[in-house]
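Encoded as C-alpha cells, the structure appears first; notes follow it.
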Amino acid sequence: MQVTKKELKKSEIELTIEVSTEEARPFLEKAAARIAKDIKIEGFRPGKAPYHLIKKKVGEMAIYQEGLDNIVSHFYIASIKQENLNSVGSPRIEMEKVAPGNPIVFKAMVSLMPEVKLGDYRKIKAEKKEVKVEEAEVNKAIDDLRKMAVKETLVERPAKKGDRAEVDFDVYLDQVPIEGGQGRKYPLVLGEGMMIPGFEEEVEGMNKDEEKEFQLKFPEKYQNKMVAGKKCDFKIKLLSVFNRELPELTDDWAKGLGAASLEDLKGKIKENLEAEKKFQEEQRWEMELLEKAVGQAEISEIPENLIHSEAHRMIHEFEESIVGQGINFDDYLKNIKKERPDLEKEFLPKAEDRVKTSIVIKEIGEAEKIEVSDKEMEAETEKILRQVQGNREAEDNIRSEGHQGYLATIIRNRKVIEMLKKECLK
C-alpha cells in the first residue's frame with residue numbers, strides 16, 4: 001500500500017491510497033465466493049467454485065465491484081494507522097482507478113480531530129428528576145383507546161358537540177382567499193378544539209348541506225403570521241354528520257384489550273407511561289451532562305466537512321421520521337416551501353453542536369482509557385445480526401471492517417456516557 005498525503009484547509013487532509021493487485025487479491029477472492037453463492041456453476045456447490053471460473057461467468061469487473069467497499073474500508077483504516085492520523089467522522093471517498101489487473105487507487109478526504117482541552121468533567125453535576133404519572137394522564141390514555149374503538153353512524157340531524165362533521169371551508173382576509181385557507185371534506189370532531197376558537201361552535205346546530213358565513217379572529221400567536229391576530233371571513237358548508245358512540249368503560253371492554261379488568265388496564269397504562277417518562281428523563285439527563293461537558297471544553301476549529309456531513313445525517317433522520325408517518329418527503333418539503341439545502345442551512349448550528357459532543361465524548365474516552373472488549377463487540381454484532389437474519393448483504397455489511405469500527409465507536413460512546421452518569425449524579 002502506497003499513501004500520499006496532501007494538506008487541505010481547516011484540519012482536513014487528503015490521502016491518495018494505492019492498493020496493489022496482490023494486496024487486493026484476498027478481498028477479491030472473498031467477493032468472488034460471495035457472488036458464487038448466488039450463481040450456478042456446474043460441478044461445484046454454491047460458493048465453492050474457483051476464482052477463474054467465477055471470473056469467466058460474471059466478468060472480473062463484477063468481482064471488483066463486489067469487493068470494492070471492503071477493500072476501501074480496510075486500506076483506509078490501514079492508511080490512518082500508518083500515517084498516525086487522529087481522524088474523526090467518516091471520510092469522503094473518491095475512486096481514482098478501478099481496473100482488473102491494475103492497482104486500485106482512491107482518495108480519502110479525512111477530517112482531523114481538532115485540538116481539545118477538556119474541563120474537569122468529573123465535577124459536573126446534573127440532577128436526575130423523579131417521574132410521576134398523574135391520574136389525568138391515565139384517563140387521557142383510556143379516552144384515546146376508546147376513541148380508537150368509536151362507532152360512527154351517519155345521521156340526519158343538526159350537528160352537536162361530540163359529533164364528527166365533514167365540512168368544506170374557505171377563509172378570506174379583506175375578501176382575498178388566504179393561502180392554505182381552504183378545506184374540502186375536512187373532518188373534525190366538534191368540541192375537541194382542533195380548529196381556531198369559535199369555528200367548531202359555528203358548526204354546531206348546522207344541518208347537512210347548510211351553508212354559513214361568519215367572522216373569527218385568529219389567535220395572536222397563530223403560525224401563519226399573515227392572519228395572526230386578524231379578523232377573517234369564513235364560508236363553510238356542512239357535508240355530513242356522524243354520531244359517535246364510544247365504548248363503555250367496563251371490565252369486558254378492558255378484557256378485549258388484553259387486560260384482566262378495567263383496573264388492571266389502568267395499572268398497565270400507568271406502568272407504560274411511567275416507563276416512557278423514565279426513558280425520556282434518562283435521555284434529558286444524559287443530554288444535560290453532555291452539554292455541560294462540552295461547555296467546559298475548549299475546541300479548536302472544526303472541519304466544515306464534518307459539520308455538513310452531520311447535517312446530511314440529520315436530514316436523513318428527519319426524512320425517515322416523516323416517511324414513517326406515511327408522508328412523502330418531497331411532498332412535505334413542497335408543503336412547507338423548502339428544499340433540502342434550506343433544511344441543511346437550518347440544521348447546521350445543531351449539527352455543529354452534535355459534532356462537538358461526539359468530539360468531547362471521544363476525548364473523554366481516550367482520557368479515561370475506555371476500551372471495547374472482543375466480548376462486547378461479539379455481543380453487539382450478534383444482536384444486530386439477529387435483526388437482519390437471512391439478509392446476506394446486510395449481514396456481510398455488519399461484519400465488514402468499516403461497520404465493526406462504527407460499532408466499536410458506538411459501544412465506547414455508550415461506556416463514556418455511563419461513566420459520566422455514575423460520576424456526575426447530583
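Numerical summary
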{"read-out": "Filter on Lys123/Lys278; Lys107/Lys362; Lys55/Lys97; Lys132/Lys345; Lys37/Lys375 - keep pairs with C-alpha separation over 28 Å", "value": "Lys132/Lys345; Lys37/Lys375"}
{"read-out": "Among 72-82, 126-136, the order from most to least packed when residues are scored by Cβ within 10 Å on average", "value": "72-82, 126-136"}
{"read-out": "Förster radius 51 Å - calculated FRET efficiency between Phe318 and Glu42 (Cβ-Cβ, nearest 0.05)", "value": "0.50"}
{"read-out": "When the stretch 1-89 is reduced to its Cα atoms, the Kirkwood hydrodynamic radius in Å", "value": "14.8 Å"}
{"read-out": "Cross-link partners of Lys255 among lysines (Cα-Cα below 16 Å; sequence separation of 8 or more within a chain)", "value": "Lys266, Lys268"}
{"read-out": "Those lysines that a straight Cα-Cα span of less than 18 Å connects to Lys237, excepting residues fewer than 8 apart in one chain", "value": "Lys160, Lys161, Lys185, Lys208, Lys212"}
{"read-out": "Aspartates and glutamates whose Cα lies under 20 Å from that of Lys57, excluding same-chain neighbours fewer than 8 positions away", "value": "Glu29, Asp38, Glu42, Glu66"}
{"read-out": "Cα Rg over Rh - the chain, Kirkwood", "value": "1.08"}
{"read-out": "Charged-residue dipole, Cβ positions (Lys, Arg, Asp, Glu), the chain about Cα centre, Debye nearest 20", "value": "840 debye"}
{"read-out": "Orientation-averaged projected area, Cα convex hull of the stretch 64-104 (nm²)", "value": "3.4 nm²"}
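Here, each number is a calculation from the coordinates, and none is a lab measurement. What you see is a predicted model; the values in this text were computed from it and never measured. Glycine also receives a Cβ, built like all others from the backbone with ideal geometry; neighbour counts cover every protein chain displayed.
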